[in-house]
Amino acid sequence: MTDLGNAAVNISPLAGKPAPYSLLIDIPRLITCYYADTPDASVAAQRVAFGTSGHRGSAFEGSFNEWHVLAITQAICDYRKRHGVAGPLFVGVDTHALSVPASTSALEVFAANGVETMISHDDETTPTPAVSHAILAYNRGRAAGLADGVVITPSHNPPDSGGYKYNSSNGGPADVDATLWIEKRANALLEAGLAGIQRWPFKRARRAATTHSHDYLSAYVNDLGNVIDMDVIRASHIRMGADPLGGAGVHYWARIAERYRVDLSVVSEEVDPTFRFMSVDWDGKIRMDPSSSYAMQRLIKLKDGYDIAFGCDTDYDRHGIVSKSAGLLAPNHYLAVAIDYLFSHRPQWSPAAGVGKTVVSSQMIDRVAARLGRKLVEVPVGFKWFVDGLFDGTLGFGGEESAGASFLRIDGQAWTTDKDGMAAAMLAAEITARTGRDPGVAYAALTRDLGEPVFKRFEAAASPAQKSKLARLSAHEVRSTEMAGEKILAILTHAPGNDAPIGGVKVLAASGWFAARPSGTEDIYKIYAESFKGEAHLQRILLEAQDIVGAALAAGDGAGAPPGQIPGQAGKGA
């Protein structure tokens, strides 16, 4: 089994090192491709694929070009009209090179369709959580004329990437019905050569009576004290460090420090669309992933200068927490710590507010929730499944193993219903300030009380037919009765928290589990596994997981078990 921490054969020799010139993208060429190249709607890879995270691609590959943005924007306008969404549309834009051109194209269509569009004051880049916050703030107390929003971002993906996502009136990622409708309509517009798209020249769109300036930065920062106890942070005098990673929230940290008079230093406010200041990720690519120790080398090297430090990805919906005691915390570790702290220090939250986790997150969260006496709500992968609970307060916290989370305000009301990397980061500061120990020390205490899990994720090759079968697998197709020497207790194809299909299978025993899901973009499937009995037991789970999944897939098409793994993500409770 491959552990990325030790397997030099799978790790790029550039991993963790400053990005060399050879990796930097040609920005003028990328922008030229955005405007000049036309996607071929008959080619699957060049069509709009608008999932929960929206549409993503690269202008170099014909998968994120102006035509895509124009078609998606018109589709969103048509969707709003169809569903009577008549309020303003809040717009977020990150720092990827394609984001500003895409936001320009989008505004031309929004204005021509008469959409009241809220663009950022002084063209400040705008994080995903600031858009979610703005939607909820506007809609609070309203029953009609509700707002929604879009964020132009490919998240933490490499610098040549572009992305476009839609957030509904509840402030969170749009549901499947909405994204499928938008995708279908956008592809129809592509097939028609953009016939049916309403569009104005940019200068006219910018001057339109429907185009408004909104100060996202001030609105978010001034309200942050209602979700994080900034008083306790200020009184503790802890020293904090933030690495913006050149992302959309680059100017938010200094404003937070000023507004709340806390000791928060910004490592660098450099913004460069090549992201030349990043250290290279594990596979030799530049990727702004705050949960990757390779990408976070700059801040990790500075950890001893701060009581707690943190960074966020490019649109600030993911967090990375760096502690003196443990360095960069694995996402699952921090989720467990955050849950344990929040439900013990938020007396105004409803006793019925539950803990939301995905099926591939650590069972340490289950044990923490049980000790707290809180309901555990386990859902499929995708933050959209937490939106309703965070909106109405039935969930106090929702988090994913990919380092995305949000939680309620101190008074138990909704804060954001999309992932919020900044709030998660500042929560780490509150934990350190109030308890006198950083989240790394806090997690070690949890393991002493509840056991110490080890976790790995890897990827294995699978044909399109095998991926399709895995996504539709039923429990009776898994023939095994034991796993790693223990009786199999449950075989899940639907999430226990909401009975929604997980798009794969999860197998549980007393001391460990694994889950297998097909990739939506590559001919691979992913296996996540965890053991509370140590590395040797985890290795057995992983090996048997391949056999169990391989046998189930082979039963469907006569093929052998999928080939061995290729690099994924691994780590101790990662």
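The values are calculated or read from the model by the stated rules, or taken from the named source; none is laboratory data. This one's a predicted model, so the numbers in the text were calculated from it and none came from an experiment. In this analysis, Cβ positions are derived from the backbone assuming ideal geometry, glycine residues included, and neighbour counts consider all displayed protein chains. Ligands, DNA and RNA are excluded from the accessible area calculation, which covers all protein heavy atoms including side chains. Shrake-Rupley method; radii C 1.70, N 1.55, O 1.52, S 1.80 Å.
With all protein chains present and a 1.4 Å probe, how do F110, F277 order by accessible area, largest first?
Values: F110 5, F277 35 Å².
Per-residue accessible area, sorted high to low, gives F277, F110.
Any lysines with Cα under 17 Å of the K301 Cα? List them, leaving off those in the same chain fewer than 8 positions away.
Leaving aside lysines fewer than 8 places away in the same chain, those within reach of K301 are K17, K324.
For G249, what residues show an amide H to amide H distance below 5 Å, using hydrogens built from the backbone and excluding near sequence neighbours?
none
Using +1 on the beta carbon of Lys and Arg, -1 on that of Asp and Glu, and nothing else charged, what's the dipole of the range 454-555 about the Cα centre, debye to 20?
Values: 12 positive and 11 negative charges, 20 e Å.
For this selection, approximately 100 debye.
So how much slack lies between A192 and D26, counting 0.36 nm per residue of separation and subtracting their Cα-Cα distance, in nm? Walk me through the numbers on the way to the answer.
Details: separation 166, 0.36 × 166 = 59.76 nm, distance 3.13 nm.
Using 0.36 nm per residue and subtracting the Cα-Cα distance, I get 56.6 nm.
List, in order, the whole-Hz ³J(HN,Hα) value for each residue of the range 149-165 obtained from phi through the Karplus relation with A = 6.51, B = -1.76, C = 1.60 and θ = phi - 60°; use x for Gly and Pro.
x, 10, 10, 9, 6, x, 6, 8, 5, x, x, 7, 8, x, x, 8, 10
Given points 7 Å out from each Cα along the Cα-Cβ axis, report the E535 to R82 separation in nanometres with one decimal.
For E535 paired with R82, the spin-label model returns 5.3 nm.
Just order 394-401, 472-479 by mean Cβ neighbour count inside 10 Å, highest at the front, would you?
Details: 394-401: 24.4, 472-479: 14.2.
Top of the packing list down: 394-401, 472-479.
Calculate the spin-label point distance for K301 paired with D40, positioning each point 7 Å from the Cα along the beta-carbon direction, and give it in nanometres.
4.5
At what distance in angstrom do the alpha carbon centres of the range 250-271 and the range 420-493 lie from each other?
Distance between centres, Cα-based: 33 Å.
Which of the listed residues, Y260, H212, C312, is farthest toward the dipole's positive end in the range 169-318, when Lys, Arg count +1 and Asp, Glu count -1 at the beta-carbon?
H212
Taking a 1.4 Å probe, which of V266, V150 shows the most accessible area, and what order do the others take after it?
Values: V266 45, V150 0 Å².
Reading off the accessible areas and sorting them downward yields V266, V150.
With a ≥ b ≥ c taken as the square roots of the eigenvalues of the C-alpha gyration tensor of the range 361-471, please select rounded if a/c is under 1.5 and otherwise prolate if a/b is larger than b/c or oblate if it is not? Intermediate results must be reported in sequence, preceding the final value.
Details: a/c = 1.98, a/b = 1.35, b/c = 1.47.
In terms of gyration-tensor shape, oblate.
Using the Karplus curve 6.51 cos²θ - 1.76 cosθ + 1.60 with θ = phi - 60°, what ³J(HN,Hα) values do you get for each residue of the range 343-359, in whole Hz, with x for Gly and Pro?
Running phi through 6.51 cos²θ - 1.76 cosθ + 1.60 with θ = phi - 60° gives 6, 9, 10, 10, x, 7, 5, 5, x, 8, 5, x, 10, x, 9, 8, 5 Hz.
Stretched out fully, how many nm does the piece from A510 to H345 gain, at 0.36 nm a residue minus the Cα gap? Working shown, then result.
Numbers: separation 165, 0.36 × 165 = 59.40 nm, distance 3.09 nm.
The A510-H345 span can extend by a further 56.3 nm.
Out of all DSSP beta bridges in the chain, what portion is antiparallel? Express it as a percent rounded to 5.
Details: 51 of 78 bridges.
Of the beta bridges lying entirely in the chain, close to 65 percent run antiparallel.
Counting other Cβ atoms within 10 Å of each Cβ, which GluC sites (Glu not before Pro) in the range 236-322 have at most 16 and sit in a DSSP loop?
Details: sites: E258, E269, E270; in loops: E269, E270.
Filter output for the range 236-322: E269, E270.
Can you show me the helix-derived [θ] at 222 nm for the chain, built from DSSP H runs with n ≥ 4 at -39,500 (n - 2.57) apiece and divided by the number of residues, rounded to the nearest 500.
Values: 17 runs with 188 residues, N = 574.
Rounded to the nearest 500, it is -10000 deg cm²/dmol.
What helices in the chain pass both tests, a Cα length along the helix axis of 18 Å or more and a mean Kyte hydropathy of 0.0 or higher, using whole DSSP H runs?
Details: long enough: 66-82 (24 Å, -0.38); 99-112 (20 Å, 1.00); 176-191 (22 Å, 0.09); 421-435 (21 Å, 0.87); 535-557 (33 Å, 0.42).
Helices meeting the criterion: 99-112, 176-191, 421-435, 535-557.
Per residue of the range 498-513, in order, report the coupling 6.51 cos²θ - 1.76 cosθ + 1.60 (Karplus, θ = phi - 60°) as ³J(HN,Hα) in whole Hz, putting x for Gly and Pro.
9, 6, 7, x, 8, x, x, 9, 10, 10, 10, 10, 5, 10, x, 7
Report the label-to-label distance for R259 and T447 in nanometres (one decimal), using points 7 Å from each Cα along the Cα→Cβ vector.
3.6
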